[in-house]
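**Student:** Please read through the structure below; I'll follow up with questions.
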Amino acid sequence: MDETPILWSDAVGHLPPHVRDDDIDDAWHAAVNFLPGKIIVLDDDPTGVQTVHAIPVYTKWDDESLMAVLREDTKVVYVLTNSRALTEADTAVLHREIAAGLREAARKTGETVSVVSRSDSTLRGHYPRETAVLRETLHRDGDFDGEIIVPFFSDGGRLTIDDVHYVRDGEYLLPAGQTEFARDAVFGYRASNLTEWIAEKTNGAYPSEAVQSISIDMLRSLDIDAVEKILMGLHHFGKVIVNAADDNDLKVFVVALARVLGAGKRFLFRTAASFVRVFGGIERRPLLGPVDLYVSGGLEGAGIVVVGSYVEKTTRQVEHLRTLPGMEYVEWDVAHSVDDAENRRYAAKIQKTVEGIISSDRDVCLATSREYWKGHDTSLSHEARLRFGRRISNGLVSVIKNLAHAPRYIVGKGGITSSDIGVHGLAVRRAMVLGQIQPGVPVWRLGGESRFPGMPYVVFPGNVGGDDTLTRVVTTLRFP
């Protein structure tokens with residue numbers, strides 16, 4: 001396929017017939033059961049749990065926390081790094097610290113660990129820096145033969161076909177390099193073909209012709225031996241792309257992967273959320289309803305939606321939410337966030353406004369002004385832009401942190417925003433992922449150490465859903 005927008009129906013229609021559940025599930029389950037040890041997912045924002053359920057997520061990585069991570073009784077455990085909000089230098093320090101801590105915890109517990117670097121399905125993030133640091137720190141136990149790259153995310157309409165990564169927009173699939181996500185102020189890129197994207201991101205250290213590829217044709221013909229041959233041929237951190245257009249493509253891949261891991265090959269993984277679910281053997285479950293969300297006595301009061309994401313998809317969702325009866329709207333004008341002192345004064349003012357609304361049992365949506373750089377110098381460096389975004393997020397967090405009234409629910413819209421609210425505003429150290437309230441939109445049950453134990457906290461990615469998805473989420477949370 002060339003790199004032009006294509007109809008979803010045409011793309012799927014031209015592919016080989018998909019593998020049926022009955023033809024792969026037994027082999028998939030056997031492969032997952034064969035895989036030893038824990039799968040530790042280092043998540044660069046909290047939205048990576050958007051395909052799993054009944055899985056713990058940790059927000060700390062001190063020695064005590066990492067020992068607790070490896071002693072969990074689930075095969076998959078998430079550690080939230082929120083590294084997409086950091087500078088490249090800071091994320092290198094963070095990943096070196098986590099990797100060293102994991103090595104020591106694994107030594108003490110005797111646990112085998114597979115590490116997945118979970119990042120954005122639209123290719124934004126600190127790549128290749130994060131996995132390079134993990135390799136450098138963990139390779140003392142033996143170098144990694146390869147890095148497996150899987151940005152496919154079924155619930156979000158992100159498909160990889162003929163090595164081109166696509167993002168669904170209505171009835172069309174857009175090559176990722178032609179989307180608004182590729183124009184991200186911090187993590188922008190040009191290439192849609194993943195072999196070229198790797199070459200672009202590594203500044204040619206891994207040229208496109210050196211990148212291996214596992215095709216959908218190979219997976220859908222159940223050619224496990226061919227996939228195994230490619231994986232066995234990887235050495236010295238070679239790169240391999242996994243094409244996929246549905247979850248069963250990944251199940252076939254995991255069957256081959258288990259064989260290769262059993263033969264002693266070592267890999268790091270840079271993936272979106274769908275791979276984690278399949279690698280961990282986690283079955284799908286229905287969307288969450290009100291009975292799943294609230295514990296006894298949790299139906300009182302009003303809720304808060306906090307929107308930091310500024311992508312166009314989020315803007316349309318906020319506009320739709322504003323039409324919902326009983327939803328008050330408060331705008332955070334980011335022009336007040338250029339200066340630290342002014343940002344603090346403005347946060348205090350907004351907090352009083354929000355407090356007044358929820359104390360009168362009315363829901364409120366607090367959203368940043370949609371012109372993200374309004375009143376700000378767009379010529380600043382990527383690091384300066386990250387710091388500006390951090391200042392805005394700190395202000396939003398202070399609103400939640402200083403609430404005198406416990407809300408019925410909180411929705412954090414955007415990866416950085418939802419992470420900061422969870423970790424700093426709500427003081428979460430460990431939460432359980434209940435599941436998804438809408439496709440790709442996960443919900444945490446807050447732990448006993450948090451500000452509001454047991455409260456449902458919706459972690460809503462900025463780049464997921466249709467125009468009415470945020471409204472659907474709030475409608476479910478309002479029940480009855």
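**Student:** Residues to consider are R322, R259, R277, R270; find the one that is at pLDDT 95 or above, in contact with a Cys (Cβ under 8 Å, 6 or more places away or on another chain) and of a type in the set (K, R). Walk me through it before giving the result.
**Tutor:** Working: R259 fails: in contact with a Cys (Cβ under 8 Å, 6 or more places away or on another chain); R277 fails: in contact with a Cys (Cβ under 8 Å, 6 or more places away or on another chain); R270 fails: in contact with a Cys (Cβ under 8 Å, 6 or more places away or on another chain).
None of the other options fit; the residue is R322.
**Student:** Just to confirm my filter: which strands (runs of 3 or more DSSP E) fall fully inside region 14-92 and include at least 3 residues that are closer than 23 Å to R124 by Cα and aliphatic (A, V, I, L, M)? Write out each step before concluding.
**Tutor:** Numbers: elements: 38-43, 55-58, 76-80.
So the answer is 38-43, 76-80.
**Student:** Where residues in region 304-341 are of a type outside the set (A, V, I, L, M, F, W, C) and touching a helix residue (DSSP H, G or I) at 6+ places or on another chain (Cβ under 6 Å), which of them is surrounded by the fewest Cβ atoms within 10 Å (Cβ to Cβ)?
**Tutor:** Per the stated criteria, the residue is E312.
**Student:** Provide a single number: the residues in region 450-480 that are assigned to a helix (DSSP H, G or I) and buried (at least 17 other Cβ atoms within 10 Å of the Cβ). Explain how you work it out, then say what you get.
**Tutor:** If we filter region 450-480 for residues that are assigned to a helix (DSSP H, G or I), which is where we start, we get 469-478.
Right, trim to buried (at least 17 other Cβ atoms within 10 Å of the Cβ) and you get 469-474, 476-478.
Qualifying residue count for the region: 9.
**Student:** So, in region 42-80, exactly how many residues are over 25 Å from D292 (Cα atoms), surrounded by fewer than 24 Cβ atoms within 10 Å (Cβ to Cβ), more than 19 Å from the chain's Cα centre (by Cα) and not basic (K, R)?
**Tutor:** Selection size over region 42-80: 7.
**Student:** Find the residue count for region 145-196, including only residues that are out of contact with any Pro (no Cβ under 9 Å at 6 or more places or on another chain), touching a residue at least 40 places away in the same chain (Cβ under 8 Å) and closer than 30 Å to H235 by Cβ.
**Tutor:** Counting residues in region 145-196 that are out of contact with any Pro (no Cβ under 9 Å at 6 or more places or on another chain), touching a residue at least 40 places away in the same chain (Cβ under 8 Å) and closer than 30 Å to H235 by Cβ gives 15.
**Student:** Taking the stated definitions as given, is A85 small (G, A, S) and over 25 Å from V443 (Cβ atoms)?
**Tutor:** Details: small (G, A, S): yes; over 25 Å from V443 (Cβ atoms): no.
No: the conditions fail for A85.
**Student:** So D420 passes all but one of these: (1) of a type in the set (D, E); (2) under 20 Å from E328 (Cα atoms); (3) surrounded by 24 or more Cβ atoms within 10 Å (Cβ to Cβ). Which condition number does it fail?
**Tutor:** (2)
**Student:** Now for a different question. Residues to consider are K229, K201; find the one that is of a type outside the set (F, W, Y) and within 14 Å of I149 (Cα to Cα). Outline the logic, then answer.
**Tutor:** Working: K229 fails: within 14 Å of I149 (Cα to Cα).
Answer to the check: K201.
**Student:** Moving to a separate point now. Restricting to region 423-438, give me the number of residues that are outside any helix (DSSP H, G or I), touching a Ser or Thr at 6+ places or on another chain (Cβ under 8 Å) and surrounded by fewer than 21 Cβ atoms within 10 Å (Cβ to Cβ). Reasoning before the result, please.
**Tutor:** Residues of region 423-438 that are outside any helix (DSSP H, G or I), as a first pass: 426-438.
Retained after the next criterion (residues that are touching a Ser or Thr at 6+ places or on another chain (Cβ under 8 Å)): 426-431, 436-438.
Then drop every residue that is not surrounded by fewer than 21 Cβ atoms within 10 Å (Cβ to Cβ), which leaves 427, 429-430.
Final tally of qualifying residues: 3.
**Student:** I'm trying to understand the selection: among the residues of region 282-308, which are among the aliphatic types (A, V, I, L, M) and at pLDDT 90 or above?
**Tutor:** I282, L287, L288, L293, A302, I304, V305, V306, V307, listed by residue number.
**Student:** For the list (1) more than 19 Å from the chain's Cα centre (by Cα); (2) at positive phi; (3) not basic (K, R), I need the number of the one condition that G281 fails.
**Tutor:** That leaves (1) as the condition not met.
**Student:** Could you grab the pairs with beta carbons closer than 6 Å, sequence gap of 6+ or different chains, first residue in region 443-468 and in the same structural domain as C365 (by TED's automatic domain parsing), second one of a type in the set (S, T, Y) and part of a loop (DSSP other than H, G, I, E, B)?
**Tutor:** P456/Y409; G462/S309; N463/T122
**Student:** Checking S154 against (1) modelled with pLDDT of 95 or more; (2) touching a helix residue (DSSP H, G or I) at 6+ places or on another chain (Cβ under 7 Å), only one condition comes out false. Which one?
**Tutor:** (1)
**Student:** Please work out if G142 is within 25 Å of H235 (Cβ to Cβ), in the same structural domain as H236 (by TED's automatic domain parsing) and surrounded by fewer than 24 Cβ atoms within 10 Å (Cβ to Cβ).
**Tutor:** Details: within 25 Å of H235 (Cβ to Cβ): yes; in the same structural domain as H236 (by TED's automatic domain parsing): yes; surrounded by fewer than 24 Cβ atoms within 10 Å (Cβ to Cβ): yes.
Taking the combined requirement at face value, the residue satisfies it.
**Student:** Still on this structure: Looking only at strands (runs of 3 or more DSSP E) that fall completely inside region 231-313, which ones have 3 or more residues that are closer than 27 Å to A182 by Cβ? It would help to see each step written out before you state the result.
**Tutor:** Details: elements: 238-242, 267-271, 304-307.
Ranges flagged: 238-242, 267-271.
**Student:** Only residues that are of a type outside the set (S, T, Y) and touching a helix residue (DSSP H, G or I) at 6+ places or on another chain (Cβ under 9 Å): list them for region 54-67, please.
**Tutor:** Once the filter is applied, which keeps residues that are of a type outside the set (S, T, Y) and touching a helix residue (DSSP H, G or I) at 6+ places or on another chain (Cβ under 9 Å), region 54-67 yields I55, P56, V57, K60, W61, D62, D63, L66, M67.
The values are calculated or read from the model by the stated rules, or taken from the named source; none is laboratory data. Bear in mind the structure is a predicted one, so any value in this text is a computation, not a measurement. For neighbour counting, all protein chains shown are included, and Cβ atoms are generated from backbone atoms with ideal geometry for every residue, glycine included.
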